[in-house]
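Structure record follows, encoded as structure tokens.
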Amino acid sequence: MAVSIGPLFGYGPLEVRWYGLMYLIGFAAGWLGARSRAKRPWSLVKPEQVDDIVFYVALGAIAGGRIGYMLVYGLSELVADPLSLIRVWEGGMSFHGGLVGVLLAMWLYGRAIKQPFFVITDFIAPWTPIGLFCGRIGNFINGELWGKPTSVDAPWAVIVNGEARHASQLYEAFLEGIVLFLVLWLYTKKPRPVMAPSGLFLIVYGASRLVIEFVREPDQQIGYVALGWVTMGQVLSAPMIIAGVILIVLARRRASTS
């Protein structure tokens, strides 16, 4: 399969990119799902609070994703041209930076409504994969973050600039989007101990990203960071798995003593 992409549409110097549209779809779908879940009688987050949560999630994801990318992958460019930080239309968003941004935003919002931090993160955990799915589809359409070269005869091969490659964006859309969503959606259909959904999110996402990094090209700015095969994505994802296990253990201990 050969790939050719461009902007969704343009008018003069203005262009609407597929990536931006996918972000919008992700936030909208997450909002609908969260509103539905908030109507459950056992939900600690009420429907009228969902609009604010989605706003803060979007703000944290975009700001954190951009800042995280520039600090980790584009520091030299940022130092040479500080205004590059705000040129998000040129590409460059980090999931791990976005995660930090969202967590900070949820901490601030939780304080504002006097809800514990993990009550908020547990609530948004099942709906986050929708945004991740849309983001990875946006990566694919935008022609970025391709995987490593593969056999041209392989059924999964995608031809990029005349070279057969893994469509690692689609692998991530499947594991970090569809699989992660189904796991969390099914798990949270009934009340769970506080911290458990957040922990499960970290484990499944971290493990998915860790595996996919083996067929994803390392970032050109960094390359492999250790042993000739360890990527920055793996370095940042491994602690997520550990943190997720710790959260689930703590959640179960709390539940057994309450």
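So, Ile203, is that one at negative phi, open to solvent by 20 Å² or more (accessible area, probe 1.4 Å) and modelled with pLDDT of 95 or more or not? Against the criterion (at negative phi, open to solvent by 20 Å² or more (accessible area, probe 1.4 Å) and modelled with pLDDT of 95 or more), Ile203 qualifies. Out of all the residues in the range 95-117, is one or more over 27 Å from Thr231 (Cα atoms), crowded, with 21+ Cβ neighbours inside 10 Å and not charged (D, E, K, R)? Yes, that holds for at least one residue. Within the range 166-185, the set of residues being closer than 13 Å to Pro129 by Cα and either open to solvent by 10 Å² or more (accessible area, probe 1.4 Å) or out of contact with any Pro (no Cβ under 6 Å at 6 or more places or on another chain) (or both) comprises Glu172, Ala173, Phe174, Leu175, Glu176, Ile178, Val179, Phe181, Leu182, Val183, Trp185.
Residues are listed down the side, and each one gets a yes or a no for (1) among the small types (Gly, Ala, Ser); (2) in contact with a Leu (Cβ under 6 Å, 6 or more places away or on another chain); (3) surrounded by 12 or more Cβ atoms within 10 Å (Cβ to Cβ); (4) at pLDDT below 85:
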residue: Ala29; (1), (2), (3), (4): yes, no, yes, no
residue: Ala38; (1), (2), (3), (4): yes, no, yes, no
residue: Asp52; (1), (2), (3), (4): no, no, yes, no
residue: Gly74; (1), (2), (3), (4): yes, no, yes, yes
residue: Glu77; (1), (2), (3), (4): no, no, yes, yes
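The residue that is surrounded by the fewest Cβ atoms within 10 Å (Cβ to Cβ), among those in the range 121-148 that are aliphatic (A, V, I, L, M) and assigned to a helix (DSSP H, G or I), is Ile141.
Scanning the range 233-246 for residues that are closer than 17 Å to Gly98 by Cβ, open to solvent by less than 40 Å² (accessible area, probe 1.4 Å) and not small (Gly, Ala, Ser) yields a count of 1. Take the residues in the range 210-248 that are among the hydroxyl-bearing types (Ser, Thr, Tyr) and part of a loop (DSSP other than H, G, I, E, B), then tell me which one is farthest from Gly92 (Cα to Cα). Checking each candidate, the answer is Tyr224.
The set of residues in the range 217-232 being over 18 Å from Leu99 (Cα atoms) and in contact (Cβ under 8 Å) with a residue 60 or more places away in the chain consists of Glu217, Asp219, Gln221, Ile222. Residues that are more than 20 Å from Val249 (Cα to Cα), open to solvent by less than 30 Å² (accessible area, probe 1.4 Å) and either at pLDDT 95 or above or not acidic (Asp, Glu) (or both) occur at least once in the range 149-157. Here the range 206-232 is the region considered, the condition is being buried (at least 19 other Cβ atoms within 10 Å of the Cβ) and among the hydroxyl-bearing types (Ser, Thr, Tyr), and the residue that is nearest to the chain's Cα centre (by Cα) is Ser208.
Quick test for you: out of Ile203, Ile241, Ile246, pick the one residue that is among the hydrophobic types (A, V, I, L, M, F, W, C), in contact with a Gly (Cβ under 6 Å, 6 or more places away or on another chain) and under 24 Å from Leu44 (Cβ atoms). That would be Ile203, the only listed residue that is among the hydrophobic types (A, V, I, L, M, F, W, C), in contact with a Gly (Cβ under 6 Å, 6 or more places away or on another chain) and under 24 Å from Leu44 (Cβ atoms).
The values are calculated or read from the model by the stated rules, or taken from the named source; none is laboratory data. Fair warning: this is a prediction, and the values are worked out from it, not measured in the lab. Positions of Cβ are generated from backbone atoms using ideal geometry, with glycine treated the same way; all protein chains shown enter the neighbour counts. Side chains included, ligands, DNA and RNA excluded: accessible areas come from the protein's heavy atoms. Shrake-Rupley method; radii C 1.70, N 1.55, O 1.52, S 1.80 Å.
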